[in-house]
Each structure stands twice: as structure tokens, then as C-alpha cells.
1. Which far-off residues, 5 or more places away or on another chain, put their amide H under 5 Å from the one on residue A:375, with H placed in the peptide plane?
2. Over all residues in B:65-77, what is the mean tally of Cβ atoms on other chains that come within 10 Å of each residue's Cβ?
3. DSSP loop GluC sites (Glu not before Pro) in the stretch C:41-138 with at most 11 other Cβ atoms within 10 Å of their Cβ, which ones?
4. Tell me, what is the FRET efficiency for residue B:27 and residue C:88 to the nearest 0.05, using R0 = 51 angstrom and their Cβ-Cβ distance as r?
5. Would you mind checking which residues have amide H under 5 Å from residue C:130's amide H? H placed 1.01 Å from N; only 5 or more apart, or other chain.
6. When Cβ neighbours within 10 Å are restricted to other protein chains, what is their mean count per residue of peptide C:82-89?
7. Spin-label point model (7 Å from Cα, Cβ direction): what's the residue C:4 to residue C:186 distance in nm?
8. In what sequence, highest mean first, do B:218-227, A:292-301, A:53-62, A:119-128 appear when ranked by Cβ atoms within 10 angstrom?
Amino acid sequence: MNASAKKYGAMGARDLIIWGIAIVVMLAAPLIFTSSLAITMLSQMGIAIVACLSFNMLLGQGGMLSFGHAVYSGLGSFVAIHALKAIGGGSFPMPVSLLPLVGGVAGLFFAVLFGFVTTKKSGTTFAMITLGISELVFAASLMMAEFFGGEAGISANRVVGKPVMGISFGPQIQVYYLLAIYTIVCTAGMYAFTRTPLGRMLNAVRDNPERVEFIGYNTQRVRYISFIIAGFFAGVAGGMYALNFEIATAEVVGAARSGAYLLFTFLGGATFFFGPIIGAVLMVVAFVMLSEITKAWLLYLGLVFLLMVMYAPGGIASLIMMNLRVWKFGKLGRVLGWYALLAVTGAVMFIGIAAMIEMTYHIQLNEALGPVMRFMGVELNVKSAAAWIGAIVVALIGIGLFEFTRRRFALHWGEVQGEIEAAIRARESA
Amino acid sequence: MSQYAIELRGLHKSFGKTEIIRGASLAVAPGERVAIIGPNGAGKSTLFNLISGRLKPTSGEIALNGRRIDGMAPYEVSRLGLARSFQVSNLFGKLSVFENLRCGVLWSLGYKYAFWKFLAGLADANERAEQLVRDLNLERKRDTLAMNLTYAEQRALEIGITIAGGASVVLLDEPTAGMSKSETARFIELIREVTVGKTLLTVEHDMGVVFGLADKIAVLVYGEVIAFDVPEAVRRNAKVQEAYLGSVLADAQAAEAGH
Amino acid sequence: MEFFTISMLNGLSYGLLLFMLSSGLTLIFSMMGVLNFAHASFYMVGAYVAYSITRLVGFWPGLFIAPLVVAALGAAFEKYCLRRVHKFGHVPELLITFGLSYVALELVQLIWGRTAVEFQPPEVLRGPAFTLINSSIDGLRVVWGAAPAAMCSAADTTVRIVCSPFPATRGFMMFIALIMLVALWLMLTRTRVGLVIQSALTHPEMVESLGHNVPRVFMMVFGAGAGLAGLAGVIGGSTFVTEPSMAATVGSVIFVVVVVGGMGSLAGAFVASILIGVIQTFAVALDYSLAGALTSMGVLLSPAALDYSLLKLTIAQVAPILPYLFLVLILIFRPKGLMGTREG
């Protein structure tokens, strides 16, 4: 790859290395994390990555906030599960491994159908339309029992016929590798999209939809076509889901799932391509593991989300990139100390607040288990005033210390950023 | 009869009960450089918005190279070869200077909504964008995000995006707004260079710029074109003097610019 | 006849409730450009807070205190959270209210539990406001309060008497909603604050440049909007059910209302609220299905076809999606909304 091509956006050696490492990690992961729980989670991560990346095509690349993305992945799941049943019944001769593509076509179809009305508007109205269509489809799913299977959903079997070269997709590990291939291909596809004329114009529409019209582009058409492509990939994720879980229920088109896409994509970072990948991994970890640790996990999640929107709207990806930049300019050492302080004060604050939340939940849900509960290795009696006062005191001290530290950190961070920007300007004028 | 590049015939525009453009008529020949002047509130920006398709006229006709364009959407007008810049820089903030310009050329080179080609491989688009970066003297800031440019650089990029598509008719809305004297002089040179051979309509307040850049001046007062002629004739026009040019300041500016 | 009247009144009361909610939403949106995703959460919190106050002191104190509490919470959220996000643009604003709706739901479930709570209206509102008695011999009559059992049944089996009560809670809902409507109209057209808000409905930037203390006005408007939602919550929670899912149920409907009515239009919100309220109420009561209609028209359907769920669906079962169908239709045929003035 010569230097001039790199200037125009082609991939350089460094990009290829990053991709290579990512692919190796994906393929080698099951060899390191061998428990069945790990492999289940890895499979789910693959599905989530494709779904969140397709969601970010709309949010991060196009500035379109959708509250109903699960409609496309969910309908993809349903069409795929019906296809799987047909394969099993012998009426649809297609290899099971191509099932996600069926989901993709379904997602594409529904995006063509709903997308026309949806992309007529932008901004807040767009978001409301996606919400309306999401509710429409979810409500319809409870009505049309043949297609959606009512309460029980539709299930099928992914093991069909004789194994080919030893692969029957019965064992989870085989499914994982198939899903991994789809994840890699879809990620590459969506990354490639960002480097095409339409992908770039979608960014332009995000930044200044009005100006786009004055350089010859129909803004609505740009949004509509991009919406359809995003719907395709969402459908593929849905097909992957159907293959993995062998069942599709109404909740796959529900508002809760759409909300999860939004929450975690934003948490991971909507402004960078790899942000949703981080978000997708977090999503699976949260749903599978966090929910086991505490009943209040959704509350914690909501609070973290609120804090992120206020203080780090670019998500975890932007935090990583900002610190990478600080490191490149050799100033990381100066902020590390502050990070440690923030972590400590934040932990104190968290412990106090979490103690109160957990105690409240304990009162409500675990009546039968008595008033004593374990919190971080300490026994707390929810009926005793001491426990409550203690928690409140710890929380207040923590909040106070954290806010104090945060303000000092913000000043310091601002200084560092100023120095970096001055260095950049000096470089440019040289 | 040779075609006019831009022709306005009895153009009217009302917002509710308020009529802003009250029967404006104008005929600009191809290659002419016209400055549109007038007091504040005369409707100059509205006129531009009508021509470029941002607003629909209440009545009247607009023709581009003989073809009627009134009522068309902005992107349709743009595709027919008319481009406009904005008084307040209207850029793609999170894209670099180069990317901004490349976006400007994409449609005119026929790439449309392609998602099966890579930008890196579009040699003509990349070359043209690179050429524009050089023409605008923005080489040092080629990869800087548009929102991080200085004001004058943003105005330059604004012009750049406008002419990137190779439009034959260019509308510039107060291109030198907010610039210092020296910046203005340099900017006018830039505009002259990049709009060679094109039909140019500029809204301007700085009389020095007007007399320096324009072949003809159109005077817009209360939504009507009260004069359209070469600068000397417009200066002598009694109606214009009465409405606009009769101020000491305008005289002084013109004298300073040496005309 | 009585079915029509009662259903109409029920529909109007539900529509007015929707308007109580969507008016606050429209005001906040018009003034601040923020579509408050958590608006229905304020509705829910109002209901729960009123429930707790009712258990401690009584319903009527709750009716006054709960909206004030919710208004205070709303104002606090605006000051400490929303304001910080204002500079990032409209999408982060929408996201933060989205996050608030999540957190509010979890907190409510944390404090009051995940099942519905018994939020009873006060004694005086428990019975019917009036009863329509339709007798096949005497015709239609109105009786205030509940009709005694004797009036509702006849010894003679050839006489058909139908008693249709109209719940007092519904009547109270209409009463409060109408008072709120009048108060809102008076405030907007007669007071200085109202004038500022009216101009902000169409020209928010101008209002800013005129020197009004915009952050404080924002905080007050947001708080007031939240308070109105809270008031609606007190009424709605005691009339219908108070449970964690009440926010989600009514939340999506009011967003449909504001889009259908036209973003930023109070009049549009009013028309759309009444329209959707009435249509939904009627739909829920109608038991006709497509299969039934076809059969009565003489079309012969096979048993398998009759069993097909889409044909078997009664209008009542389809009722929940009617608002969203409405939304899609409006967007296709009249994208500005019924009375839209500003773009979303």
C-alpha cells in the first residue's frame, strides 16, 4: 500500500495488523476460555457485535437515533427460524450455515418497507417514528400467532440431516466458529461501507444535512439506502441469533432489546467504529454475569449510562482514544495518578450507594431469608439503623471526595489537552 | 437570442402576510460577474434562497440556462449546475478539509449513492479534491477537522465546497463577512481565481469588494431590483443614490479601493 | 345509545388524560427542543408518590403534594443533568432523558416493588358519577350516582333494562384536565410568562436574545411539565392501575400524539389526544372481527381459514396498535402532523 493511497483512506500496514490480531483473538478465544459458559458467551458476543455495529451505522455514522432497531434483527430472527423449520421439514433445501443470510434478506425487506416512512424525517421525529414502529411490530407480534408463535415463540432444530465433514452444528463450539466467521465478514463489510461514497455522504448528512442537499445529494435518499443496509446487517444478526438459540420469541422485537442496543452501543462509543464492539461485549457480560451478581444491575447500568452521557458522550472508545493521544504526546504519566485517585474516591462513593441499593432490594425481595445480608464480604443487618447510617455516611463522603477530585482532575486534564493542542498547532505551522 | 445563465421573471415571495420579494426581475448573461447590493432587509439572502431552491417562490419564474428551476428541491438545482455558499459557514464539522471537498465533488463525478466502490480508489475525485486544497491554500490544514479551522479558513473551505462540483453558476452569500481588510483583499483574489469562466452572483456589503469584483451591479431594495447595470451607471443612478449609495461611508470605501 | 354515550365520555376522559401528558411534553419540546423521553416516568412517579402520601395522610393532600414533588424532581434533573448536556446537541439530550426513564423505572421498582400497588381513589370518587338507564319501555334516563339494583332489573323478562355507569374517577379526570386546560390557556394568553413561552414556541433563539434568564425559565418549564405529568399520574394511577409498566404503556402513545398532532403544536396535541383517546376506547369495546364481518356478508370460510389468527382478530384485540397505525398513516400522507408548525 503506497503512501499516497493511504492518504485517501486505503488501509495501511498498521490497520491490517490490528485486523489480523482481532481475527486471531476471535478464532483462538475458545481455546483459552474453554468452559461451556465461556463459549456460550463468546457466541452471543458475535451476534451482539453485528447487531450493535449495524445500529451504529445509523447512530454514529448517520446521526439517526433509533429506538426500534430490534425490529429488524428480531424480524430477521423470526424469518430465519421459520426457514430453519422448513429446512428441517425438508421443504427448503439450503445449508443451515447460510441461515444468517436468510435473516439478512428479511431485515433488508423490512427495512425497505418501514424505512421509507421512517427516513422521511430526521432527528427527534425520526426517533419517535422508530419508537412507534417498534411498538407496532411488538403489538402485532402478540396478535399474529402463526408467524410469531404467541407466548411460546417459534422453535426449530439446527441439527439437520447428516454431519458434513464432521460438522453438524450440534455442539456449541461448532456454532461458535460459524458465528465467528459471520461476525468477521459482517464487521469487515460494515467497515468497508464507511470507506465508500455513500458511507462518507452519510457522515456528511450527520454533520450537516442541509448542506448535503446543496452539493447534489438527496438527503432522504442517502438516509434511506443506509437504513436498508443497516437493516440487512441487523437481519444477519437476527439470523445468527436464530441459529444459536434455536428459538425466537416476541421479545426479540421488543423495546427492551432496542433499548439495550442503544444503551450499550452508546456506552461502548458511537463516535468510533470499534466502539460498538466494546459495547456488544459489555452487553453480553452484563446480561449473563452481572445479572447474577446483583438484582439491581439494571439500575447501576442506567446510572452509568447517565454519567456517560453527561461526562463522556463519546463512550469508552473515546476515552481510550483520548488517552492514547495523551500517551502519544508523552503526558500519560501525569494523568495516571489522578486516575488512581478518581478510582479510589469513586469506589468509596460506589460502595456507599450500592450498599443502600442492595439493602433496599434485600428488604423487598428476600424477606424469607431474614434481615442479614452479605455485601462485599461484610454482613449487614438491613433492620439496623447502624447499617443504614453507615452506608449513607460512606456514600456522602464518597460523593464529596469524588466530586472534589473530579474537579481538580478536570482542571489538570484541561491543562494537558491545551499543551497537546499547542503542540499540534506548532507542528502544522512548521 | 442567447440564453441567460440566470433569469428571474416577476419573482414574488411572501412569508405569511409579509411580502419580502415583490416582483424581482433580473437577467444575467453567462460568464457575467454580478454583485447584488441593497440595504439590510432588502431580501438578498431570500433571493439566494429562492434561486438555490431552499425556498419556493410564491409566484414568478426562475430559469437556469433557459430551464425553469422554480419549485425544485436544492439537490435538483445543484445537479443542474448551480451552487451556492452560505453567509454562515455551513461545513461538515467532523470531516477533514480534504473530506469536505471530496464530498463536494462526488455527485458531479457520477458516484452518487455507490456503496460498492472504495473512496481510496476514486482517482478523479481524489485528484480534484487535492487540487482544490491547493487552490484554496489549505494544504497545511488538509487533515484538520473543519470545526477546528480558523474563521478565514472556514470561509475559504466554504467557497471550496461550493465550487467543488464544477457548477457553471456560482452564488456567493457575503463571502467576506467578518474578515479584516487584508484577509478580504486576499480572499477576493482567491474568488477571482477559482471562479474563472463561471457566472458569479455575489451578495456583498463592502463597496470596495463590489466595485473590484463585479462587471455589473444589481441593486435590490424592498424586494425589487431597481437597477442592474455596470458600476459607473449604477453609481450615477438617481434611484440608487437615493436608496443606498448616498452615504459618505460608501463613497469613502469606493475611494479607498481606488475606483 | 348508552353504549355510545358512555364510551364517548370514557374516550374523552382518556383523551384528556393523554392531553395532560402531551401538553407538558409539547411545552418542554417547544421551549427547549428536548423531547423528554422520561415524561411518562414523571407520570409514573406522580402516581406512586401520591399512593404513598395517600397511605400516610390521605388522597386530597396527595393530589396537591405529589405533583409538586414531581415538579421539584424534574427541575432538579434539569439543573444538574440536562443542562450539562445541552451543549452536546439534541441527540444527547434525548439520550439523557432516555437514561432517566431507565433509572426512574428501576428506582420505582426498588422502592415500591415490581407488582401493582393498590392505589384507591378517595371514598367520594369510588362509585359512578351517574348512571344511564336504558329501559325498553321508559327509554333513556339519567340517575346521579349509582343506580339501585332494583332499577336495573325488571321482574318482567320482556322488559330490557341496561344500566351503564360512568365512573366518578373518570369524571374527576375530565374535570381536572379541563381545569388544567383552562389554566394553561389563561396563563399562555394573559400573563407575561405565558407570552414568553408562546414566543418560545416558535422562536426560541429570539427569546434568548431578548435577555430572559433562559436557564431559569428552562428549569421552570421542565419542572412545570414534569409537575403536570405528575398530576396526570395521580389521576391516572387512581383511576386505572398503578404499576411499573404504566410508564411504558402510556409513554409510547403520547409520543405518537405529539408526532401526529404536529411537533410543537398545543392545538395539534389536543386534537390528536382526543382523537386517539376516543378511537382507542371505542375500539376496545368492539368485538367485531374480520372473520365475523366476512361471515355476516355471506362469504363462506373454511374452518382452517376461520382459525387463522389475523382474520379472527377482533377490533378489541387490534386496539393497542391503532395509535401506531395512525402514526404511520399520518407520516405517509401528512408528514407535518395535523397542525405542525415546527420541524422536529
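Here, each number is a calculation from the coordinates, and none is a lab measurement. Owing to the predicted nature of the structure, the values given are computational and were not obtained by experimental measurement. When we count neighbours, we look across all protein chains shown, and the Cβ atoms used for this are built from the backbone with ideal geometry, even at glycine.
1. Placed amide hydrogens put A:380 under 5 Å from residue A:375.
2. Partner Cβ neighbours, averaged per residue: 2.
3. Numbers: sites: C:78, C:93, C:106, C:118, C:123; in loops: C:118.
Passing sites in the stretch C:41-138 are C:118.
4. On the way: r = 48 Å, r/R0 = 0.94.
According to the calculation, E is roughly 0.60.
5. C:145, C:166
6. Going residue by residue through C:82-89 and averaging, the value is 2.
7. Rounded to a tenth, the inter-label distance reads 3.6 nm.
8. Working: B:218-227: 20.7, A:292-301: 17.2, A:53-62: 26.6, A:119-128: 22.4.
Result, highest mean first: A:53-62, A:119-128, B:218-227, A:292-301.
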